[in-house]
Amino acid sequence: MAIIRRRGGSVSTTSISFPAMTLSYIALFAWTFVVLFPLYWLAVTALKTPLEVNGGPFYIPWRDFQPTLDSWHYIFFDLREDTFRPYTNTVVVGLTSTAITVLLGSMAAYALVRMRYQVGFGAIGSFVVALAIAVVVVVAGGPWPVGVVAGIAVFVLLLQTVARRFKRGVGNDDIAFWMISQRMLPPVATVIPIYIFFQQLQLLDTWAALIITYTAAHLPIVVWLMRDYFQSVPVELEESAAIDGASPYRIFRSIVLPLAVPGLVATFLFVLVFAWNEYLIALFLTSANAQTLPLTVAAQNATRGPQWWYMSVLILIMIGPVIAMAIALERFIARGLLVGAVKG
């Protein structure tokens, strides 16, 4: 039985008065209706003809209108190429970028929690200068391998000379805050440089461009979320494994990751939703071959007008897999979302 704790003891939930319990259930049912009604409206709209959509509203199938699968047939057969290619692109890009992001972000988060860093301002400045030189070489029309080699050479040279004169630096908390601060920058402010960058690399309209960009954009979120979760893992377990001779990699793979499964699942789904629904970056970096489903939905609306009977089908097949994953992984998500909520 669920128990509510009070300062003077405990009280059972059954002691709540009947009117209060009734009002609580009414409020919960009302909120459930508000949340689920848009999904219901999408489902019934996808079963209507254009005449019924424009002549409505009709709410209940077989009573207010006769359901039909004409819209589904049109999307899956008449527009087969225009539907399945963007859908495949969305699945491949979304899952791949999210998996890479969670993998790299979890390792970075664990390093920021368990290892102490002190990065000098000289090293940071050297990296910025080297990166700027590499970008200038590529944008100026030079081959990108030449730009990479030039950047590395400048970085090593500055690191061995000028950088040593700067003693002050930043620590773990500064690095973590700097990473999450990247999310404060509006995507529209970076999309043009990103477009030029991939144009020079001849990677426009490819999966690689979207995967690299999505990974870079969502990596700070994973680091920030998993950093809080790894802090809740008892360090004594890792110390015991280290005494037994386990390497840091073995400790991370065999002890920390299994304990962090709820946080990993919640973070994975959280980032997947961002990648699945992303529109602006895909709009600039793709045209036809790598176009994702959100662009297809927008293009359908722009070229043919608001044909809600077709739009409803596209939206349902777009949000369906994410909802199914959320339902299947609900027990992990419920625990993972409570990361950092309780301390001590």
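Matching residues to (1) assigned to a strand (DSSP E or B); (2) among the polar types (S, T, N, Q); (3) without any contact (Cβ under 8 Å) to a residue 40 or more places away in the chain:
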| position | (1), (2), (3) |
| --- | --- |
| 106 | no, yes, no |
| 109 | no, no, no |
| 113 | no, no, no |
| 116 | no, no, no |
| 122 | no, no, no |
| 128 | no, no, yes |
| 137 | no, no, yes |
| 145 | no, no, yes |
| 149 | no, no, yes |
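Identify, from the list 153, 163, the residue that is modelled with pLDDT of 90 or more and more than 26 Å from residue 223 (Cα to Cα).
Answer to the selection: 153.
Return the residues of the range 215-229 that are surrounded by fewer than 24 Cβ atoms within 10 Å (Cβ to Cβ) and either hydroxyl-bearing (Ser, Thr, Tyr) or within 21 Å of residue 138 (Cα to Cα) (or both); say none if nothing qualifies.
Those that are surrounded by fewer than 24 Cβ atoms within 10 Å (Cβ to Cβ) and either hydroxyl-bearing (Ser, Thr, Tyr) or within 21 Å of residue 138 (Cα to Cα) (or both): 215, 216.
Please tell me if residue 163 is surrounded by 14 or more Cβ atoms within 10 Å (Cβ to Cβ) and touching a strand residue (DSSP E or B) at 6+ places or on another chain (Cβ under 7 Å).
yes
Yes or no: residue 135 among the β-branched types (Val, Ile, Thr) and not assigned by TED's automatic domain parsing to the domain that holds residue 109?
Yes; evaluated as a whole, the condition is true for this residue.
So, of the residues in the range 33-45 that are under 15 Å from residue 64 (Cβ atoms) and hydrophobic (A, V, I, L, M, F, W, C), which turns out to be surrounded by the most Cβ atoms within 10 Å (Cβ to Cβ)?
Ranking the candidates gives 44 first.
The values are calculated or read from the model by the stated rules, or taken from the named source; none is laboratory data. All figures in this text were calculated on a predicted structure; none of them were measured in a lab. Virtual Cβ from ideal backbone geometry, glycine too; neighbours counted across all protein chains shown.
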